[in-house]
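Shown next, in structure tokens, is the structure this report addresses.
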Amino acid sequence: MEMAKTKLISLFLIFLCCGAAAQEFKWETVPMDGHRVGATIPSADNVEQALGTVKRGVYTAPNGKKYRGTVARTASALIAAQSPMAFVKEKIGYAPEDILRKRPEGKLNDMLVDMLMTACEEATGQKVDVGLLNYGGVRTEIHKGNVILDNIMSMLPFDNYIYLVRLKGSDLKNIYETMTRYGIQLVGGVKLVFTKENELVSIEIGGKALEEDKEYTLATVDFLLDGGDHFQAAKNALELVGTGVLLRDGVLAQLRKMVEEKGVIEYRTDGRIAVL
């Protein structure tokens, strides 16, 4: 009996593991539909106006309608969650237009990797030649309107740390050639030209063709150092410097600077990826 029970538990665990491996999880942003009760997305300081109130088991919605039972209990749980979540509703800035991720190149692609490179330079005191981030590590996008802390945390949910890697041009070339097999990623400081068949035609860094014997500095994240998304950025590294700075925090700091200097959050592509 005990052996049969053990086998059953083992089979159940295998089922769970296989199911988890096959499941693909995605982040997405959806508009809030509050047409039935008049609810809107609350900020940190307008919870009652946006979501209504619950008193003595009765939910009074923003449009004045009253509910009991399941609706009231659900509203109560949602309202109670707002105070602990208030910090993520801090407004970082305003985006006058969408900043989206796109292949082969998008505004969000360029902005994030450029901010990675700047954050790496600030943390290490070393000049960074190029930057690399994985496309799949970016989970949501920036849409027109107010940008809050929650948007950035949802966009970069993984605790990936920024690293500086010094390597020869031949090893950097191998990183870009990996993209011909597994897809174009987020790059900075470089211009890459591909064919429609995804063959790599040319690599330019600082306006000059990549030199295989020259040393370059690469800003990236720990996930890509040793096998993440098929990249091994630290392979044959001549120097490896961990900054102790999370990518999310580095980007957030750069966004705050952008808002301070420009007043808004915006970005443009510059043609760093070309497909013939």
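The values are calculated or read from the model by the stated rules, or taken from the named source; none is laboratory data. Since we're looking at a predicted model, the values are computed, not measured. Here the Cβ is made from the backbone with ideal geometry for all residues, glycine too, and neighbour counts use every protein chain on show. Keep in mind that these areas ignore ligands, DNA and RNA; they rest on the heavy atoms of the full protein, side chains included. Shrake-Rupley method; radii C 1.70, N 1.55, O 1.52, S 1.80 Å.
Taking every pair of alpha-carbon atoms in the range 130-265, give the share separated by more than 19 Å as a whole percent.
That fraction is 55 percent.
Show me the ranking of peptides 182-192, 51-61 by mean Cβ neighbours inside 10 Å, starting with the highest.
Order by mean packing, descending: 182-192, 51-61.
Quick one: angle between helix 247-262 and the longest Cα principal axis of the chain, in degrees between 0 and 90, rounded to 10, please.
It is inclined by approximately 90 degrees.
For helix 169-182, report the angle its Cα long axis makes with the longest principal axis of the Cα atoms of the chain; keep it between 0 and 90° and round to the nearest 10°.
Computed tilt is about 50 degrees.
Would you mind telling me which residue in GLU141, GLU177, GLU197 has the biggest mean-square fluctuation in a Gaussian network model of the chain, where springs connect alpha carbons within a distance under 10 angstrom?
Checking each option, the largest mean-square fluctuation is seen for GLU197.
Out of every Cα pair in the range 62-195, what percent are spaced more than 26 Å from each other?
41
To the nearest 20 debye, what is the magnitude of the charge dipole of the chain about its Cα centre, counting +1 on the Cβ of each Lys and Arg and -1 on the Cβ of each Asp and Glu?
1540
Please compare each pair in LYS102/LYS173; LYS102/LYS196; LYS173/LYS214; LYS91/LYS144 to a cut-off of 19 Å on the Cα-Cα distance and tell me which ones are over it.
Working: LYS102/LYS173 23 Å; LYS102/LYS196 16 Å; LYS173/LYS214 11 Å; LYS91/LYS144 13 Å.
Violating the 19 Å Cα-Cα cut-off are LYS102/LYS173.
Please sort 255-263, 36-44, 108-116 by packing, taking for each peptide the average over its residues of neighbouring beta carbons within 10 angstrom, highest first.
108-116, 36-44, 255-263
Just going by the charge dipole of the range 53-201, with Lys and Arg at +1 and Asp and Glu at -1 on Cβ, which of ALA77, ALA119, GLY189 is farthest out on the positive end?
So the residue furthest toward the plus end is ALA77.
May I ask you to give the solvent-accessible area per residue for the chain, in square angstrom, as obtained with a 1.4 angstrom probe?
57
Among [x] 20.5; [y] 21.7; [z] 16.6, which is the computed mean projected area of the Cα convex hull in nm²?
For mean projected area of the Cα convex hull in nm², the calculated option is [y].
With all protein chains present, calculate the accessible area of MET85 using a 1.4 Å probe and round the result to the nearest 10 Å².
Looks like 80 Å² after rounding.
Mind jotting down the three principal axis lengths of the range 169-246 based on Cα atoms? Whole angstrom, largest first.
Cα spread of the range 169-246 along its principal axes, largest to smallest: 38, 25, 21 Å.
For a quick check, take a GNM of the chain with Cα springs below 10 Å and name the residue from GLU97, GLU122, GLU48 with the largest mean-square fluctuation.
GLU48
Compare VAL241, VAL128, VAL138 in a GNM of the chain, Cα atoms joined below 10 Å, and give the one with the largest fluctuation.
VAL241
Considering the options PHE231, SER202, ILE148, tell which one lies farthest towards the positive end of the dipole of the chain, charges being +1 on Lys and Arg and -1 on Asp and Glu at the Cβ, about the Cα centre.
Going by the Cα projections, it comes out as ILE148.
On a 0 to 90 degree scale, rounded to 10, what angle separates helix 69-82 from the longest Cα axis of the chain?
The two axes meet at around 50 degrees.
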